Amino acid sequence: MRQNNLIRPLWLVFLLTSLFPAFGQNRFILRAPDALVPGIIVRHNLGMVCTPNQEGVSCVLNSDTRTPDQVVSELSSDPDVQHAEQDSHVSVPEGSRTFNANQQSTTAASAAAANTAVTYFGTPAWNSYVNQTAAALTHLPAVQQYLVTGKGIVAVIDTGVDPQQPVLQGSLVPGYDFVNGVAGIPSEWNDLDPATAAILNRATAGDTVIQLNQSTAAILDQSTAAILDITHVPAAFGHGTMIAGIIHLAAPTAMIMPLKAFRGDGTANLSDIVQAVYFAVDNGAQVINMSFSLTSNSLELMKALNYATAHNVICVGAVGNDGIETIVYPAAFHNVIGVASTDSQDSRSTFSNYGEALAHLAAPGEGIITTYPGGNYAMVSGTSFSAPFVAAAAALLIQVDLDMNPTEALQALSNAKKLTPELGFGRLDLFQAVRPYISH
């Protein structure tokens, strides 16, 4: 396993983030040799947010009156600096309270009412989670008949995870919390105020549906639903747990590495995402799921993903939820599998972005039942929840071919149900993807 030498002095991070805003024009991603960074910082009157990783990438901060363009220009003219760019703000596609997936809470209520408990790879789980429509559409049961259930580590760059979620608990490996600078399994509970956390933590999966936003309907017990104030639940709380639940559904014996780059409100600094990519590669991940998008290209994000590809890591990204033909990153990078969303009738979801230059593949992304913090479940919609089906498919491919590389993975995944050119190779078919490897 490759070792990560990421060092983040916590006292410095907390001091800087208390003095300056988390986002905005003050932060910059710097690429320079480790030994030269202190001199660069002094010469350009900057502060250090995180020290250089093994590739010489760090995050620095400016506190004077210079504009971002001035700082980037000054750094770019320094012969010791290999590259500098302004840090930017990134959001998960479903983080906005205004995103409309046309999701009906009555559908979630029907799924909850039909619930019975089953055992799924040694753990009790809802039948409506295990045997949902998306599993049937992608031919997951046919794959499992051949004992193909996933292998390796799938890194999830997101909001963290609920470490105690019973369905996921045995499938988690330590990751890193880049928001707070803490190693281990990053917990989403830290994004809730104590009172709200106490309410959700004591909840049990029930049949009362709470529409948290237009993409997420949490299925809780009646007593919890009666006292939960959803205005105190951040817009993207549970996003990472829900992503992890989909990966576990389709690749139940793969391991999941949660990497927290996003806060509970669904926002992140690009610099934390870049650091998370390097961490994933250097700590043994073979697949990276990225259920987020940004409209502008970033050289440092591209370099990080090129680093991942060079180490045979399969990268998957969501195409976004604007319902237009467009380009967003990282999904549009040539070495990232961009994933669009389809409904239960194999039509493109109205909210899903699309286009031959963006979407390599599509996967179910409407009315997906998945895990939610507190031992609960939720029904979700959005391209964020299509991408993890493809990330899980990559873990299935790694099981059938331990030397699977990104090019081979995309070729295998191209054995999909053909739809329209705007959705790339078509809708994910897990069985067709692995069949060439299990038929001989």
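The values are calculated or read from the model by the stated rules, or taken from the named source; none is laboratory data. Treat the numbers as computed from the prediction; the structure is a model and nothing was measured. With ideal geometry, Cβ positions are generated from the backbone for all residues, glycine too; neighbour counts draw on all protein chains shown. Remember, those area values only see protein heavy atoms, side chains included, never the ligands or the DNA or RNA. Shrake-Rupley method; radii C 1.70, N 1.55, O 1.52, S 1.80 Å.
When the range 361-386 is filtered for residues that are out of contact with any helix residue (DSSP H, G or I) (no Cβ under 8 Å at 6 or more places or on another chain) and part of a helix (DSSP H, G or I), only THR383 remains. Within the range 272-297, restricting attention to residues that are hydroxyl-bearing (Ser, Thr, Tyr) and open to solvent by less than 10 Å² (accessible area, probe 1.4 Å), the residue that is nearest to PRO174 (Cα to Cα) is TYR278.
Tell me, please, whether a residue that is in a helix (DSSP H, G or I) and either in contact with an Asp or Glu (Cβ under 7 Å, 6 or more places away or on another chain) or surrounded by fewer than 24 Cβ atoms within 10 Å (Cβ to Cβ) (or both) can be found in the range 414-425. Among the residues of the range 414-425, at least one is in a helix (DSSP H, G or I) and either in contact with an Asp or Glu (Cβ under 7 Å, 6 or more places away or on another chain) or surrounded by fewer than 24 Cβ atoms within 10 Å (Cβ to Cβ) (or both), which makes the answer yes.
Figure legend. Inter-residue proximity from the range 291-302: first residues β-branched (Val, Ile, Thr), second residues outside any strand (DSSP E or B), beta-carbon distance below 8 Å, spacing 6+ or different chains. Indicated pairs: THR295/THR326; THR295/ILE327; THR295/VAL328. Against the list (1) part of a helix (DSSP H, G or I); (2) of a type in the set (Val, Ile, Thr); (3) open to solvent by less than 10 Å² (accessible area, probe 1.4 Å), the condition VAL316 fails is (1).
Take the residues in the range 426-440 that are assigned to a loop (DSSP other than H, G, I, E, B) and in contact with a strand residue (DSSP E or B) (Cβ under 6 Å, 6 or more places away or on another chain), then tell me which one is surrounded by the most Cβ atoms within 10 Å (Cβ to Cβ). This residue is LEU428. Regarding ASN335, is this residue surrounded by fewer than 24 Cβ atoms within 10 Å (Cβ to Cβ) and touching a Ser or Thr at 6+ places or on another chain (Cβ under 6 Å)? Criteria met by ASN335. When the residues of the range 183-200 are filtered to those that are within 22 Å of the chain's Cα centre (by Cα), closer than 19 Å to GLN169 by Cα and in contact (Cβ under 8 Å) with a residue 24 or more places away in the chain, the one that is most open to solvent (accessible area, probe 1.4 Å) is ASN190.
The set of residues in the range 24-79 that are surrounded by fewer than 16 Cβ atoms within 10 Å (Cβ to Cβ), modelled with pLDDT of 95 or more and in contact with a strand residue (DSSP E or B) (Cβ under 7 Å, 6 or more places away or on another chain) contains only SER76.
Checking ALA331, ALA304 one by one, the residue that is of a type outside the set (Phe, Trp, Tyr), under 25 Å from ARG263 (Cβ atoms) and out of contact with any helix residue (DSSP H, G or I) (no Cβ under 7 Å at 6 or more places or on another chain) is ALA331 and no other. Can you name every residue in the range 214-242 that is under 13 Å from GLY382 (Cβ atoms), at pLDDT below 90 and surrounded by fewer than 24 Cβ atoms within 10 Å (Cβ to Cβ)? Within the range 214-242, just GLN214 meets the criteria.
Any residue in the range 108-120 that is among the small types (Gly, Ala, Ser) and without any contact (Cβ under 8 Å) to a residue 12 or more places away in the chain? Within the range 108-120, one or more residues are among the small types (Gly, Ala, Ser) and without any contact (Cβ under 8 Å) to a residue 12 or more places away in the chain. It is to be established whether one or more residues within the range 264-271 are open to solvent by 10 Å² or more (accessible area, probe 1.4 Å), in contact with a helix residue (DSSP H, G or I) (Cβ under 7 Å, 6 or more places away or on another chain) and of a type outside the set (D, E, K, R). Scanning the range 264-271, I find no residue that is open to solvent by 10 Å² or more (accessible area, probe 1.4 Å), in contact with a helix residue (DSSP H, G or I) (Cβ under 7 Å, 6 or more places away or on another chain) and of a type outside the set (D, E, K, R), so the answer is no. The single condition from (1) open to solvent by 10 Å² or more (accessible area, probe 1.4 Å); (2) part of a helix (DSSP H, G or I) that GLU356 fails is (2). One residue alone among ALA409, ALA378, ALA395, ALA391 is crowded, with 21+ Cβ neighbours inside 10 Å, of a type in the set (A, V, I, L, M, F, W, C), over 22 Å from THR123 (Cβ atoms) and in contact with a strand residue (DSSP E or B) (Cβ under 7 Å, 6 or more places away or on another chain), and that residue is ALA409. Tallying residues that are at pLDDT below 85 and among the hydroxyl-bearing types (Ser, Thr, Tyr) within the range 192-213 yields 1.
Scanning the range 341-353 for residues that are out of contact with any Asp or Glu (no Cβ under 6 Å at 6 or more places or on another chain), surrounded by 24 or more Cβ atoms within 10 Å (Cβ to Cβ) and more than 30 Å from THR204 (Cα to Cα) gives THR342, PHE351, SER352.
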